[in-house]
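To keep things clear, I will list the structure first and then write my remarks on it.
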């Protein structure tokens, strides 16, 4: 498998002319570790998403959006790379929306969920009341490590969304108390009726 990665020269003012480098899967190029080159991690994210056979689009060189259908719902994954801090941000949004009348219960549920998470956190977007899983990681220039990190990040994010989606549903649609709704995340689902 051949992978295309873009490397940007740090000495260029506007990063508008990337160097396109062709790499066999799993290989690295020693000259790219030079301080004059910066890897665009979104290209590695694109490879991870492509390997999972998910639909995605690139809004810009530093952004990628993917959509997947899962056991419970459809998720939208947003990846953004900040070259200023050399970090990649992942946000996974749900296909449900909390109205203002249910936000207090939703925030209580969020606090119960977040106190048990080791990686990432859940919040509700202020613009439209949509639950989202978020996590940011610092990136480095080793493509193999980044590929594995991003793959793990996506898998963990989806796992956490799937785990807690029933709790969000219970609070939103069944008017269940958050302390009761969180109990739905402890069940192992073995099938669907």
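The values are calculated or read from the model by the stated rules, or taken from the named source; none is laboratory data. Please read all numbers here as calculations on a predicted model, not as lab measurements. Neighbour counts run over all protein chains shown; Cβ positions are idealised from the backbone, glycine included.
A few remarks follow.
- Which listed residue is modelled with pLDDT under 90 and over 14 Å from residue 158 (Cα atoms), from 106, 59: 59
- When segment 48-76 is limited to residues that are crowded, with 20+ Cβ neighbours inside 10 Å and touching a helix residue (DSSP H, G or I) at 6+ places or on another chain (Cβ under 7 Å), the one that is nearest to residue 166 (Cα to Cα) turns out to be 75.
- Condition check for residue 84: at pLDDT below 95, under 30 Å from residue 39 (Cβ atoms) and touching a helix residue (DSSP H, G or I) at 6+ places or on another chain (Cβ under 9 Å): no
- Residue selected from segment 116-128 under the condition out of contact with any helix residue (DSSP H, G or I) (no Cβ under 7 Å at 6 or more places or on another chain) and under 12 Å from residue 94 (Cβ atoms), by the criterion surrounded by the most Cβ atoms within 10 Å (Cβ to Cβ): 125
- Residue list for segment 158-173, filter: without any contact (Cβ under 8 Å) to a residue 40 or more places away in the chain, in contact with a helix residue (DSSP H, G or I) (Cβ under 8 Å, 6 or more places away or on another chain) and within 20 Å of residue 67 (Cα to Cα): 163
- Single residue of 176, 141 found to be at pLDDT below 90, touching a helix residue (DSSP H, G or I) at 6+ places or on another chain (Cβ under 8 Å) and in a loop (DSSP other than H, G, I, E, B): 141
Rundown of residues vs (1) outside any strand (DSSP E or B); (2) within 22 Å of residue 120 (Cα to Cα); (3) at pLDDT below 90, yes/no style:
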{"site": "3", "(1), (2), (3)": "no, no, yes"}
{"site": "17", "(1), (2), (3)": "yes, no, yes"}
{"site": "22", "(1), (2), (3)": "no, no, yes"}
{"site": "28", "(1), (2), (3)": "yes, no, yes"}
{"site": "46", "(1), (2), (3)": "yes, yes, no"}
{"site": "50", "(1), (2), (3)": "yes, no, no"}
{"site": "53", "(1), (2), (3)": "yes, no, no"}
{"site": "64", "(1), (2), (3)": "no, yes, no"}
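- Across segment 115-124, the number of residues qualifying as assigned to a loop (DSSP other than H, G, I, E, B), more than 21 Å from residue 54 (Cβ to Cβ) and at pLDDT 90 or above comes to 3.
- Top-ranked residue of segment 77-100 - restricted to ones that are out of contact with any strand residue (DSSP E or B) (no Cβ under 9 Å at 6 or more places or on another chain) and touching a residue at least 12 places away in the same chain (Cβ under 8 Å), ranked as farthest from residue 167 (Cα to Cα): 100
- Of the candidates 139, 167, 91, the single residue that is buried (at least 16 other Cβ atoms within 10 Å of the Cβ) and under 13 Å from the mean Cα position of the chain (by Cα) is 91.
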